[in-house]
Number of protein chains: 2
Amino acid sequence: MKLDERGLLIVLSGPSGVGKGTVREALFKMPGHDLVYSISMTTRQPRDGEVNGREYLFISRDEFQERIRQNKFLEYAEFVNNYYGTPFDTIEQQLSEGKEVVLEIEVNGALQVREKMKEAIFIFIAPPTMEDLYHRLRSRGTESPEIVEARCEKARREIELAYLYDYIVVNDTVENAADKVIAIIRAEHAKTERTIATYRKMFPKENNERK
Amino acid sequence: MKLDERGLLIVLSGPSGVGKGTVREALFKMPGHDLVYSISMTTRQPRDGEVNGREYLFISRDEFQERIRQNKFLEYAEFVNNYYGTPFDTIEQQLSEGKEVVLEIEVNGALQVREKMKEAIFIFIAPPTMEDLYHRLRSRGTESPEIVEARCEKARREIELAYLYDYIVVNDTVENAADKVIAIIRAEHAKTERTIATYRKMFPKENNERK
């Protein structure tokens with residue numbers, strides 16, 4: 001029985017390197033939840049193995065800037081000379097169909113979404129320790145030392161912003177973190193503010209008369 | 001990894017006959033959760049099969065009124081000439097030990113608890129339909145028709161008060177309802193307001209300096 005039929009916009013965020021992507025992948029493997037992933041657009045080059053339309057929609061800088069002008073992004077950011085953004089187009093439609101839309105975005109982007117979509121659920125994925133985060137950032141090995149250090153610096157600033165989120169989930173194991181996100185989604189659907197309208201339709205005052 | 005080490009006070013409530021007791025029993029059969037049940041005190045006579053200290057602590061009317069005077073109840077109520085109350089003594093201790101304390105109480109009692117323990121989680125167990133609730137109240141068969149009708153009347157008033165709770169969980173099946181309550185407990189422990197203090201100890205600003 002669903003008292004809340006609209007989907008939730010779930011914003012998975014957290015510092016660079018915390019493993020947001022692996023948590024999101026684990027989430028989508030869990031049965032019984034109608035999750036959809038909102039694919040971001042970016043102007044950066046695909047990494048080895050990345051496919052257009054799967055990890056990202058890869059578009060040109062000109063196209064991206066045109067979409068900014070048309071206000072077609074729920075959020076966007078520029079980082080290390082590349083744009084990353086969340087197209088607004090499909091999200092509202094998916095939510096109204098009862099799908100849970102998962103965004104996996106950087107901290108700055110999440111704060112932009114908060115401005116535009118107050119109903120969204122903001123989950124900060126935290127590392128078990130700062131050392132763990134540095135280790136992940138340094139061992140990724142696909143970028144230059146300068147970019148790695150820029151990411152560490154960014155992560156230090158991002159880690160301070162957890163207090164702005166609704167929930168903090170520690171990525172100690174990917175399964176634990178994904179389980180907690182699922183629990184959050186289920187609990188949010190049971191919140192009185194989301195369910196009371198349907199509840200009142202189910203139990204109208206006139207039907208409570210003595211039978 | 002636990003960012004929130006204090007237990008939660010979970011108030012399971014809802015109209016008479018909705019099946020709060022069976023949801024609570026199912027909850028306690030779920031593995032991996034350190035739940036304790038706060039046993040209520042009552043002045044009513046034990047029903048067949050009820051054991052003192054298991055379903056209720058059965059005490060005399062004089063004892064009950066003495067405990068009211070000493071302010072030893074988190075909440076209490078009188079219904080059909082009998083007192084029912086939740087002793088305050090042990091709850092605070094259990095919460096500080098990290099146990100989740102589950103109260104299963106009437107709607108009036110829940111609203112008293114809200115006054116005294118704002119941090120508690122208030123879950124309204126709702127019937128799938130009003131007819132279902134009437135059916136349960138009438139088929140219990142342990143009380144006179146007058147008492148059954150008094151319960152129906154009370155249930156009609158209680159069903160209106162769901163909006164005062166944090167969550168509404170429909171008892172369509174006991175397993176579904178218990179699953180949702182577990183999800184709520186897990187989600188509440190991840191809430192930023194409960195986790196931020198420990199989080200800040202884990203990631204103090206001085207440790208975020210460049211290493």
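No value in this document is a laboratory result; all are computed from the given coordinates. What you see is a predicted model, and the numbers here were worked out from it, not measured in a lab. Cβ coordinates were reconstructed from backbone atoms using ideal geometry, including for glycine residues, and neighbour counts include every protein chain displayed.
Taking every residue in A:184-197 and counting other chain Cβ atoms within 10 Å of its Cβ, the average works out to 6.
Here, the protein assembly as shown has an Rg and a Dmax of 25.3, 82 Å when only alpha carbons are counted.
Counting Lys and Arg as +1 and Asp and Glu as -1, each charge on the Cβ, what is the dipole of the stretch A:7-142 about the Cα centre in debye, to the nearest 20? Working shown, then result.
On the way: 17 positive and 20 negative charges, 50 e Å.
With only Lys, Arg, Asp and Glu charged at Cβ, the dipole is about 240 debye.
This ranking places B:Lys20, B:Lys2 by how few other beta-carbon atoms lie within 10 Å of each, fewest first, which gives B:Lys2, B:Lys20.
Inter-copy label distances for A:His33: 1.6 nm (label point placed 7 Å from Cα along Cα→Cβ; shortest first).
Each copy carries a label point for B:Glu50 at 7 Å from Cα along the beta-carbon vector; from one copy to the others these points are 6.5 nm apart, nearest first.
Label sites at A:Glu25 and B:Lys2, each approximated as a point 7 angstrom past Cα along Cα to Cβ, lie 3.1 nm apart. Residue order for A:Arg69, B:Arg186, fewest other beta carbons within 10 angstrom first, comes to A:Arg69, B:Arg186. For the pair B:Leu161 and B:Lys201, label points projected 7 Å from Cα toward Cβ lie 3.7 nm apart. Placing a pseudo-label 7 Å from each Cα along the Cα-to-Cβ vector at B:Glu146 and A:Tyr37 gives an inter-label distance of 6.6 nm. Dimensions of the stretch A:39-89 based on its C-alpha atoms, expressed as ranges along the principal axes with the largest first, amount to 31, 23, 15 Å.
Beta-bridge orientation, the protein assembly as shown: approximately 35 percent antiparallel, per DSSP, counting only bridges with both partners inside.
Exposure proxy check: B:Leu137, B:Leu95 ranked by fewest other beta carbons within 10 Å?
Exposure proxy ranking, most exposed first: B:Leu95, B:Leu137.
Across the identical copies, the 7 Å label point of B:Asn71, projected outward along Cα→Cβ, sits 5.6 nm from its counterparts, in ascending order. Normalised by 2.2 N^0.38 Å, where N is the number of residues, the C-alpha radius of gyration of the stretch B:1-98 stands at 1.19.
If N is the number of residues in the stretch A:108-148, what value comes out of its Cα radius of gyration divided by 2.2 N^0.38 Å? Don't jump to the answer; show the numbers that get you there.
On the way: Rg = 14.7 Å, N = 41, 2.2 N^0.38 = 9.0 Å.
In units of the globular-protein estimate, the stretch A:108-148 measures up at 1.63.
The percentage of C-alpha pairs in chain A whose separation is greater than 32 Å is 21%. Radius of gyration (Cα atoms) of the stretch B:93-211, expressed as a multiple of 2.2 N^0.38 Å: 1.48. Note on A:151-158: average number of Cβ atoms from other chains within 10 Å of each residue's Cβ is 2.
Pairs exceeding 28 Å between alpha-carbon atoms, taken from A:Lys180/A:Lys205; A:Lys116/A:Lys205; A:Lys116/B:Lys205; A:Lys72/B:Lys180; A:Lys154/B:Lys2: A:Lys180/A:Lys205; A:Lys116/A:Lys205; A:Lys116/B:Lys205; A:Lys72/B:Lys180.
With r defined as the distance between the Cβ atoms of B:Asp132 and B:Thr90 and R0 fixed at 35 Å, what FRET efficiency is calculated, to the nearest 0.05?
Values: r = 35 Å, r/R0 = 0.99.
Given R0 = 35 Å and the Cβ-Cβ separation, E is 0.50.
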